[in-house]
Amino acid sequence: MTAKKSTPEKRGSAFSETLDATATRSASTANGNVSKYSEPPPPQQQHQTPRFRELELEQRYIDEPRKLRVVVIGAGLAGVIAGTLLPAKVPNIELTIFEKNADVGGTWFENKYPGVRCDIPAHVYQTSFEPNTQWSEEFAQGAEIREYWQKLAQKYGVYDRLKLSHNVTGLDWDAEDSVWKIDVVDLQTGRQFTQTADFVLTAVGRFNAWKLPDYPGLDEFEGLLRHTSNWDPEFDPAGKRVAIIGNGASGIQVVSHLHKKVAHLDHYARSPTWIADSFAGDKTSLEPKPYPEELRQRFAEDPAAYTAWRKAFEDKYWRGFETWLRNSDRNNDARVALTESMKQRLLQSNRPELLETLIPEFSPHCRRLTPGPGYIEAITAEKTDYIQTRIARFTKTGIETVDGRHREVDAIFCATGANVDMIQPFPIRGPDGALLSDLWSSGRPDQGGDDHPGFPYTYLGAATPGFPNLFFVHGPNAAGRSGSVPHSVEVQVSFFARCLRKAAREGVRTLQPSRRAADDFVEYCDAFFRSTVLTEDCSSWYNGGRPGGRIHGLWPGSGAHVETVLREPRWEDWEYTYLNRDGNRLMWYFGNGQTRREEDLTSDMTRYVRDPAEIDLRTLHDW
């Protein structure tokens with residue numbers, strides 16, 4: 001049976017009308033206008049529908065939540081954390097994780113290009129609950145990071161809930177049963193099937209759906225053409241002429257590592273970008289920076305010492321948020337420091353004339369600041385052409401730019417990013433058949449209307465109106481600029497666990513954010529980002545590659561700010577339907593008026609009785 005929405009507004013209105021009528025009669029008497037209703041009126045003879053219904057109790061205990069069928073899509077960093085935390089936090093969960101790849105790890109499973117590593121220190125880029133004291137390098141390479149997430153998934157039973165090599169091809173909301181129908185393809189057998197879930201969490205990653213640039217003649221090129229996220233491990237760059245397109249994090253890493261091996265390198269970088277020495281003062285290096293064996297041994301033998309060291313080391317990644325604020329002293333200081341750093345490196349390379357070409361007009365942090373050890377040295381080398389002229393087309397043998405110059409190459413690698421509009425790589429159809437991708441896509445004639453916002457429209461980056469029981473892990477506007485990515489995902493998954501517990505405990509059939517709440521969030525985002533350098537004229541994944549466009553890649557505030565918001569959900573911002581057939585929000589939840597715990601003679605019914613010295617009034621009764 002389709003769930004009915006409760007209608008407290010109508011009941012409230014009827015009650016208010018009764019009070020208003022009573023107040024009017026009382027006021028007339030007080031003013032000396034004796035009414036024929038000075039005495040209570042006689043009962044009306046006609047039949048009226050009673051305001052209070054006679055309902056049947058639900059025969060269940062309040063402390064026995066219902067089973068929830070939950071599907072997580074993706075087993076990268078976010079999916080592995082969800083697969084670890086949700087079973088621990090949500091009683092009675094039946095969890096399935098679909099992953100299109102042959103193993104977990106997401107971007108760290110897929111990216112195998114030369115020099116792939118995290119530009120954040122490894123001791124920061126890990127979970128809070130499974131620290132690795134034995135990172136071999138300060139900035140871990142991709143293989144070691146991938147191994148960390150695989151070991152974590154093994155330890156916490158994620159593989160038991162995981163279906164590898166299973167690609168989700170679509171989601172459809174079944175309004176009759178209030179469930180999601182998930183279309184899946186087993187990539188090993190080709191079998192297609194549909195799985196049903198009460199709730200779906202998309203954890204497909206921000207840089208997973210890579211794509212080649214849309215240049216004319218792309219199919220004509222006869223050499224090796226690859227995206228850096230689809231690297232050919234058999235490719236030998238020695239003696240080859242190679243082109244690399246793009247100067248984001250991947251492009252900078254590939255250029256830095258590949259230029260020493262190739263015969264000639266063409267680097268196409270249409271827009272300048274700031275090249276940093278470090279994040280938060282931790283300088284990166286082209287060569288590995290191994291941790292001393294004695295330090296690793298001390299960490300392994302003394303967990304308390306490691307925890308203290310990690311706390312102090314990670315603390316600085318939560319600071320300095322004001323650097324992102326427009327016209328702030330910190331941002332102005334960053335511009336001066338970065339300019340001087342790049343100038344000195346160009347002087348050492350005997351190419352000081354490139355300074356004006358490389359220094360952006362936009363402020364630091366408008367695009368993600370990228371550490372680039374070896375990058376300036378690579379693009380100023382004699383065998384490298386640094387090209388800012390726009391590409392006109394690909395040919396059979398190379399690339400032609402708009403000035404008519406043609407450059408022949410043996411291989412082209414595109415470090416051109418991924419699907420930065422945050423739209424999932426599969427269709428998601430809501431209750432009325434509307435496609436989420438249509439609603440979020442820009443360039444539609446009806447863009448900007450109530451039904452087609454034309455950008456990733458969400459409430460807290462977590463969910464969107466019109467698509468019940470659908471959550472986005474690390475979705476649009478979800479992650480704060482400071483802190484760490486794993487911590488941010490842990491906080492988001494914990495928020496979703498609260499939502500799932502509420503649904504399971506209180507008999508909530510569906511929940512979705514109200515349009516008003518989502519609108520308020522968007523308005524706050526716009527107001528906040530106008531105060532930052534992010535809305536300057538630069539292209540980044542923060543704005544979906546549209547300079548000056550609406551920012552949807554980051555939370556409107558710091559990492560500590562979003563953690564504070566998600567700790568205490570604003571339940572009033574959500575709309576609900578309920579399992580109870582009469583639409584009563586409390587009948588299923590309250591059940592038979594009892595708890596199962598009180599009938600279990602072995603349970604502790606007086607857990608509040610403790611040694612007073614152990615009682616903290618701040619947490620007393622906060623169960």
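The values are calculated or read from the model by the stated rules, or taken from the named source; none is laboratory data. Predicted, not measured: the structure shown is a model, and the values here were computed from it. Cβ placement follows ideal geometry from the backbone for every residue including glycine, while neighbour counts extend to all protein chains displayed. To get the accessible areas, we keep the full protein, side chains included, count just its heavy atoms, and leave off ligands, DNA and RNA. Shrake-Rupley method; radii C 1.70, N 1.55, O 1.52, S 1.80 Å.
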For a quick check of your reading of the model, give me the residue pairs whose first member lies in segment 463-474 and is assigned to a loop (DSSP other than H, G, I, E, B) and at pLDDT below 95, whose second is of a type outside the set (G, A, S) and buried (at least 24 other Cβ atoms within 10 Å of the Cβ), with beta-carbon atoms closer than 6 Å and at least 6 apart or on different chains.
H474/V489
Within segment 101-120, does at least one residue satisfy the condition of being of a type in the set (S, T, Y), farther than 27 Å from D232 by Cα and touching a residue at least 40 places away in the same chain (Cβ under 8 Å)?
no
Selected residue (only one of L218, L201, L212 is surrounded by fewer than 18 Cβ atoms within 10 Å (Cβ to Cβ) and either in contact with a Gly (Cβ under 8 Å, 6 or more places away or on another chain) or within 24 Å of M422 (Cα to Cα) (or both))
L212
Counting only residues in segment 231-246 that are in contact with a strand residue (DSSP E or B) (Cβ under 7 Å, 6 or more places away or on another chain) and farther than 20 Å from T401 by Cα, the one surrounded by the most Cβ atoms within 10 Å (Cβ to Cβ) is identified as K240
Considering segment 141-160 alone, what residues qualify as being within 30 Å of L511 (Cα to Cα) and surrounded by fewer than 21 Cβ atoms within 10 Å (Cβ to Cβ)?
Y156, G157, Y159, D160
Of the numbered conditions (1) modelled with pLDDT of 90 or more; (2) assigned to a loop (DSSP other than H, G, I, E, B), Q195 fails exactly one; give the number of that condition.
(2)
Cross-chain or 6+ apart pairs with Cβ under 9 Å, segment 363-389 first and acidic (D, E), then open to solvent by 20 Å² or more (accessible area, probe 1.4 Å) and not in a loop (DSSP other than H, G, I, E, B)
E377/R345; E377/Q348; D385/H264; D385/R407
How about segment 568-619: which of its residues are open to solvent by 40 Å² or more (accessible area, probe 1.4 Å), modelled with pLDDT of 95 or more and within 35 Å of the chain's Cα centre (by Cα)?
R570, W571, E572, E575, Y576, L579, R585, L586, Y589, F590
Just a yes or no: is a residue in segment 288-309 under 23 Å from H487 (Cα atoms), among the β-branched types (V, I, T) and touching an Asp or Glu at 6+ places or on another chain (Cβ under 7 Å)?
no
Only one of (1) closer than 17 Å to N543 by Cβ; (2) over 20 Å from the mean Cα position of the chain (by Cα); (3) modelled with pLDDT of 95 or more fails for G448. Which number is that?
(3)
Given the conditions (1) open to solvent by 30 Å² or more (accessible area, probe 1.4 Å); (2) over 19 Å from R368 (Cβ atoms); (3) in contact with an Asp or Glu (Cβ under 8 Å, 6 or more places away or on another chain); (4) of a type in the set (G, A, S), report the number of the one that A249 does not fulfil.
(2)
Please tell me if W541 is open to solvent by less than 20 Å² (accessible area, probe 1.4 Å), under 30 Å from G480 (Cα atoms) and either touching a His at 6+ places or on another chain (Cβ under 6 Å) or among the hydrophobic types (A, V, I, L, M, F, W, C) (or both).
no
Of all residues in segment 294-335, which are exposed (fewer than 14 other Cβ atoms within 10 Å of the Cβ), in a loop (DSSP other than H, G, I, E, B) and in contact (Cβ under 8 Å) with a residue 60 or more places away in the chain?
R319
Within segment 338-380, residues in contact with a strand residue (DSSP E or B) (Cβ under 9 Å, 6 or more places away or on another chain), assigned to a helix (DSSP H, G or I) and of a type in the set (A, V, I, L, M) come out as L338, M342, L354, L358, I376, A378, I379
Determine if segment 227-241 includes at least one residue that is in contact with a His (Cβ under 9 Å, 6 or more places away or on another chain) and either modelled with pLDDT of 90 or more or part of a loop (DSSP other than H, G, I, E, B) (or both).
yes
Go over the candidates P114, P91, P87, P65 one by one and state the one that is in contact with a helix residue (DSSP H, G or I) (Cβ under 9 Å, 6 or more places away or on another chain), open to solvent by 30 Å² or more (accessible area, probe 1.4 Å) and farther than 25 Å from V179 by Cα.
P114
Within segment 103-142, tally of residues that are small (G, A, S) and more than 25 Å from W309 (Cβ to Cβ)
3
Among the residues of segment 172-191, what is the count of those that are part of a strand (DSSP E or B), touching a Lys or Arg at 6+ places or on another chain (Cβ under 7 Å) and surrounded by 15 or more Cβ atoms within 10 Å (Cβ to Cβ)?
2
Somewhere in segment 522-537, is a residue within 22 Å of T202 (Cβ to Cβ), open to solvent by 10 Å² or more (accessible area, probe 1.4 Å) and either free of Cβ contacts under 8 Å to residues at least 24 places away in the same chain or among the hydrophobic types (A, V, I, L, M, F, W, C) (or both)?
yes
One residue from T127, T133 being in contact with an Asp or Glu (Cβ under 7 Å, 6 or more places away or on another chain) and modelled with pLDDT of 95 or more:
T127
Output the residues belonging to segment 416-445 that are touching a Phe, Trp or Tyr at 6+ places or on another chain (Cβ under 8 Å), open to solvent by less than 40 Å² (accessible area, probe 1.4 Å), modelled with pLDDT of 90 or more and assigned to a loop (DSSP other than H, G, I, E, B).
G430
Of the residues that make up segment 393-403, is at least one surrounded by fewer than 18 Cβ atoms within 10 Å (Cβ to Cβ), within 35 Å of the chain's Cα centre (by Cα) and in contact (Cβ under 8 Å) with a residue 24 or more places away in the chain?
yes
Kindly check whether there is at least one residue in segment 365-375 that is on the phi > 0 side of the Ramachandran plot and open to solvent by 40 Å² or more (accessible area, probe 1.4 Å).
no
Go through segment 253-280 and count every residue that is open to solvent by 60 Å² or more (accessible area, probe 1.4 Å) and farther than 20 Å from T416 by Cα.
2
